[in-house]
1. Take the conditions at negative phi, part of a strand (DSSP E or B) and out of contact with any Pro (no Cβ under 8 Å at 6 or more places or on another chain) and apply them to VAL424. Does it pass?
2. So which of ALA505, ALA525 ends up being under 28 Å from ALA427 (Cα atoms) and touching a strand residue (DSSP E or B) at 6+ places or on another chain (Cβ under 9 Å)?
3. Quick one: how many residues across the stretch 503-539 are outside any loop (DSSP other than H, G, I, E, B), touching a helix residue (DSSP H, G or I) at 6+ places or on another chain (Cβ under 6 Å) and among the hydrophobic types (A, V, I, L, M, F, W, C)?
4. Looking at SER392 and the list (1) crowded, with 24+ Cβ neighbours inside 10 Å; (2) farther than 26 Å from GLN480 by Cα; (3) among the polar types (S, T, N, Q), which single condition is not satisfied?
5. Output the number of residues of the stretch 46-65 satisfying the condition of being touching a strand residue (DSSP E or B) at 6+ places or on another chain (Cβ under 9 Å) and surrounded by fewer than 23 Cβ atoms within 10 Å (Cβ to Cβ).
6. Say whether the condition of being surrounded by 21 or more Cβ atoms within 10 Å (Cβ to Cβ), modelled with pLDDT of 95 or more and touching a Ser or Thr at 6+ places or on another chain (Cβ under 8 Å) is met by at least one residue in the stretch 517-537.
7. Identify, from the list ARG364, ARG332, ARG357, the residue that is assigned to a helix (DSSP H, G or I) and in contact (Cβ under 8 Å) with a residue 40 or more places away in the chain.
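The values are calculated or read from the model by the stated rules, or taken from the named source; none is laboratory data. Quick caveat, the model's predicted, so the values are computed rather than measured. Note: ideal-geometry Cβ built from the backbone for every residue, glycine included; neighbour counts use all protein chains shown.
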Amino acid sequence: MKLTGGEIVVRALEAEGIRFAFGIPGTHNIELYDALEDAPRTRPVLVTDEQSAGFMADGYWRASGELACVNLVPGAGLTHALSGIAEAFMDGVPMLVLGCGIRRAAARAYQLHDIDQLAIAAPITKATFRPATGAELYPVIRQACALARSGTPGPVMVEVSIDHYLARHEVDLSGWSPQPPAPSEPNAEVVRRAAELLTAAGARPLLYVGFGARGAAAELIALAERLEAPVSATIQGKGVFPESHPLFLWTGFGAAAPPFAREIAQQRTVTLAIGCRFSEVGTASYSFTPPGPLIHVDINPEVLGKNFPAELGIVSDAGAFLRALTSELDRRSGGRTVGRSDNALRDKIRAGHAAVRTDWLEHRSADRVTPFVLLEALQRHFGPETVFTADSGNGTFLAMECLRLERPGRFLAPVDYSCMGYAVPAAIGAKLGRPEAPVVALAGDGALLMTGLELLTAASLALPVAVFVLRDRELAQIAQFQATAFNRRTASVLPDYHAGSLAEAVGVEWLRLDNDSEVDEVLAAAQRITAAGRPVLVDVAIDYSEKTWFTRGVVKTMLARLPWPDRLRFVLRALGRKLGS
């Protein structure tokens, strides 16, 4: 059959189940947008900035598990979107980046938007493609989507020349059915060796789980209970293991964790890490060494032993490994699968969490909003299925520490690329992906200045997201680091602005939340607004005076890494400025 390039691309998107294409149309891809107007199953979403398009596609997948597309005009469209694409690349989020190319047939120099887009995108994508003919569009896009989802997921870019959009092409859409790769199965011998290490006399295992284990929650629970092992999670892995479980330890377990979690982790004798990479942010600047020996399981062989030497590096899908390990443990125990509860361990974990909660409540703000009070109330008002999005910095680390989540895909945060401006557009993507779930964005007041205009997108789509702007009038995370290291803040204090006026300008209702006594009343009002199908912005006078465990741990770790003369210089400089102020 003969179809235009835009029609072919739409057929490929729909065949891949892509329901949303985020972006801004331009002269080079208006044919694509014209075809999208008639598409029955793929919907274009107009954004205010292409950076947000990437964050929306990212949040959409993290919340729903479904692939989304980013539509980009050549040149500026791509460069604006690079942050969102790079976040997806470093956090392992699949995404189809549908770029647009110049007129190749014209053979003219100095064309509009003419830059080497694939060279720019190559370092932050799994692969880049440039179909040579219109007939190649359909199979190349299908192939790109399969690659984006496979192994460690990530963004893949396809650049479609305007020539392909303007012309009609003979294309065969039949017979193309990319087969999803079978789960990577572990080698039987390494599974046997892992079982030996985990069940050796005197072995006290620690489980460390990342987002790569998100599809194996039941198997993780069964293994933790069988081994009576405490479970720590990465930041992205928050909720992969239910945090109400008596064996849930903390998000992380090194210097950035409370004393009870550090102490319990230090007493373990073997670590089983599943679906994680031991990244800098996830480990709070490499603030711990996994209790050895380390058994490291991941679908990507490149991450095994990268930052910490592994006694066993096992290339496998998390679920496949856990099922194989369970079978091996069954074989060794003669079919007895029930472990014995370690009441002393469980009591210590329970008491540790209770002490942390008590400490948070004892340091309530006198005249502003206490983060723990806000976050606990958000879960109480909006319910257990709520999807939370956060921005780079304090919002992420406070939510990571204070929220208690039961499932993956409920906490979406920019981790390894750590982009400011993620929370609001990611919340829009999450709401499109899970329309039945409440969605709450925890936006920094600095980050809101970057992508807050996407509230207009939420309003135009009638998406009932609740955006809580954590207002301390600083770039809080950096300001805290500066205050600790230098006893002063440089270029991290924000010019003041009226968040309510911004909300009104884009047609969004807004509320003020000034102190703890107003929390329940204001949250109830916000819930009523979203329940009526409208977005809302809540201007929160947050109190950041109490540092997170994460911030304290990172500062301590980074200071300890310096040679003694430099440590002394840092301390004396900060002390001298404090005494002189």
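1. Details: at negative phi: yes; part of a strand (DSSP E or B): no; out of contact with any Pro (no Cβ under 8 Å at 6 or more places or on another chain): yes.
In short, no.
2. Numbers: ALA505 fails: touching a strand residue (DSSP E or B) at 6+ places or on another chain (Cβ under 9 Å).
Every option except ALA525 fails the conditions.
3. 8
4. Failing condition for SER392: (2).
5. 1
6. The answer is yes, given that some residue of the stretch 517-537 is surrounded by 21 or more Cβ atoms within 10 Å (Cβ to Cβ), modelled with pLDDT of 95 or more and touching a Ser or Thr at 6+ places or on another chain (Cβ under 8 Å).
7. Numbers: ARG364 fails: assigned to a helix (DSSP H, G or I); ARG357 fails: in contact (Cβ under 8 Å) with a residue 40 or more places away in the chain.
Only one candidate qualifies: ARG332.
Here is a yes/no grid of residues against (1) closer than 27 Å to LEU13 by Cβ; (2) outside the structural domain of GLU16 (by TED's automatic domain parsing):
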{"site": "MET157", "(1), (2)": "yes, no"}
{"site": "SER161", "(1), (2)": "yes, no"}
{"site": "TYR165", "(1), (2)": "yes, no"}
{"site": "SER177", "(1), (2)": "yes, yes"}
{"site": "ALA182", "(1), (2)": "yes, yes"}
{"site": "ALA194", "(1), (2)": "no, yes"}
{"site": "ALA217", "(1), (2)": "no, yes"}
{"site": "LEU220", "(1), (2)": "no, yes"}
